[in-house]
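Nothing in this text is a laboratory measurement; each read-out follows from the coordinates by a stated rule. Owing to the predicted nature of the structure, the values given are computational and were not obtained by experimental measurement.
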Amino acid sequence: MTEEGPIISNIKTRRSVRSYTDRPVSDKIIENIIDAGIHAPTGLGLQPWKFVVIRDKSIMKQISTYCKPRLLEQLEEADIDTAREFKKMLKSEGFDIFYNAPVLVIVLGDTKAPTVESDCAMCAQNMMLAAHSMGLGSCWIGTACFVQDNPEMLQKLMVPENYKVVAPIIFGYGDAIVAAPPRNGPDISWV
Ligand SMILES: Cc1cc2nc3c(=O)[nH]c(=O)nc-3n(C[C@H](O)[C@H](O)[C@H](O)COP(=O)(O)O)c2cc1C
């Protein structure tokens, strides 16, 4: 059997973390995480991203309150188990889409770049793996992308005109071990 190196082990043990301790996350750690992000490959080498770091709980709450009903609308027709569970959570008053995490980092993408979504997604994965390697948990919160439809919030988050919200990611120290959701085996055609 081939021995798995540290990178593969890091990839396989990263989990989406949805419960955090109060332990603060320093600016230095956030900078290190973002630094790992910007080493991702990009189409045409454009590096079409910017980052917004949010620690302000009241701003996070406003985003959460705005996005919850929007996602509910979108999931209304969805008939899959995980969507049904998520709908139940979204309907509860106290549910915070950011799981009370201490930090939210939003990866913004320059809409002029032809591969902006892929570039920012690669950056985001680098960031989540880097966080994991430093003992922090993370979770990509796609629900927060609904802020894109709210000009007032975009202004508050200092999103420039030609940029869009691609990857909102929470970070913090997790307070529990998360079980790995099962993976389907890969569907490979050897041609
Ligand atoms: C594009 C994208 C959007 C996601 N949005 C959410 C979200 O809004 N809320 C959430 O709790 N998890 C979200 N997740 C996390 C997934 O639910 C999670 O990655 C998946 O269940 C697999 O678990 P794992 O990351 O622990 O391997 C998102 C993940 C991705 C890649």
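Points to keep in mind about this one:
- Cα-based shape type of segment 104-191, given that a ≥ b ≥ c are square roots of the gyration tensor eigenvalues and the cut on a/c is 1.5: oblate
- Kirkwood-based shape ratio for segment 81-128, expressed as Rg/Rh from alpha carbons: 1.12
- Segment 163-183 versus segment 1-47: alpha-carbon centroid distance in Å: 10
- Average Cα contact separation per residue, segment 95-180, under 8 Å, 6 or more apart, as relative contact order %: 48
- Lysines with Cα under 19 Å of residue 91, excluding same-chain neighbours fewer than 8 positions away: 61, 68
- The chain: C-alpha gyration tensor shape, a/c 1.5 cut-off, then a/b vs b/c: rounded
- 3J(HN,Hα) from dihedral phi, segment 85-90, Karplus parametrisation 6.51/-1.76/1.60, rounded to Hz, x for glycine, proline: 4, 5, 4, 4, 5, 4
- Spatial offset of segment 126-146 relative to segment 92-122 amounts to 9 Å, using the alpha carbon center of each.
- Contact order relative to length of segment 18-172, as percent, for alpha carbon pairs under 8 angstrom and 6 or more apart: 36
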